[in-house]
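Notes for the one structure printed next.
The values are calculated or read from the model by the stated rules, or taken from the named source; none is laboratory data. Owing to the predicted nature of the structure, the values given are computational and were not obtained by experimental measurement. Every residue, glycine as well, gets a Cβ built from its backbone with ideal geometry; the counts of neighbours run over all protein chains shown. With ligands, DNA and RNA removed, areas are computed over all heavy atoms of the protein, side chains included. Shrake-Rupley method; radii C 1.70, N 1.55, O 1.52, S 1.80 Å.
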Amino acid sequence: VLLEFRSMIEPEVCAAVAGRASQVLLSRMAEYLGIMEASKEDNETFVESDIRFHMAICEETHNPILIQVMSEIFEKKRDCCKILRVATGYYGGVYYHTLILDAFRRQDSKQARALMKEHLERGIMDVSMDAE
């Protein structure tokens with residue numbers, strides 16, 4: 001349910017932000033991605049950096065309602081994110097985050113939207129397969 005909600009919101013957030021992504025945002029995204037890459041054996045650090053990557057994008061909207069809602073979702077569902085990490089593994093997060101960051105660097109809103117949608121839909125699929 002969490003991923004379904006996120007798949008309705010986050011691709012549009014990416015599309016809105018990618019075309020005007022600041023250097024500060026790009027640096028933050030790259031920093032969090034680097035931490036994820038370095039912490040493949042540390043689930044806690046990996047998940048925290050994953051959440052921060054997504055929140056950095058949401059914060060760039062400067063929309064207080066969106067920021068509050070997404071922050072609450074990630075805070076309340078932190079354990080679900082850990083479960084998702086187990087289901088999707090290290091590769092899924094790093095792979096998609098790398099592609100999303102590249103789309104942001106190119107200010108390609110359409111590609112950023114498509115990649116975030118694919119990333120979250122892949123998570124939904126992985127979680128449902130893991131539950132079987």
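A simple rule links phi to the HN-Hα coupling: the Karplus curve 6.51 cos²θ - 1.76 cosθ + 1.60 with θ = phi - 60°, which for the range 109-116 gives 4, 4, 5, 4, 4, 4, 5, 5 Hz, with x for Gly and Pro.
For residue 76, a cut-off of 16 angstrom between C-alpha atoms picks up these aspartates and glutamates, skipping any fewer than 8 places away in its own chain: 4, 44, 48, 50. Residues 117, 110 ordered from highest to lowest accessible area at a 1.4 Å probe: 110, 117. In the full protein context, the range 1-56 carries 47 Å² of accessible surface per residue, based on a 1.4 Å probe and ignoring ligands, DNA and RNA. Between residue 23 and residue 124, what FRET efficiency follows from the Cβ-Cβ distance if R0 is 30 Å, with the result rounded to 0.05? Result of the calculation: an efficiency of 0.40. For the chain, what percent of Cα pairs sit more than 19 Å apart? Beyond 19 Å sits 44 percent of the P(r) for the chain. The trypsin sites (Lys or Arg not before Pro) of the range 21-56 that meet both conditions, a loop assignment by DSSP and at most 16 other Cβ atoms within 10 Å of the site Cβ, are 40.
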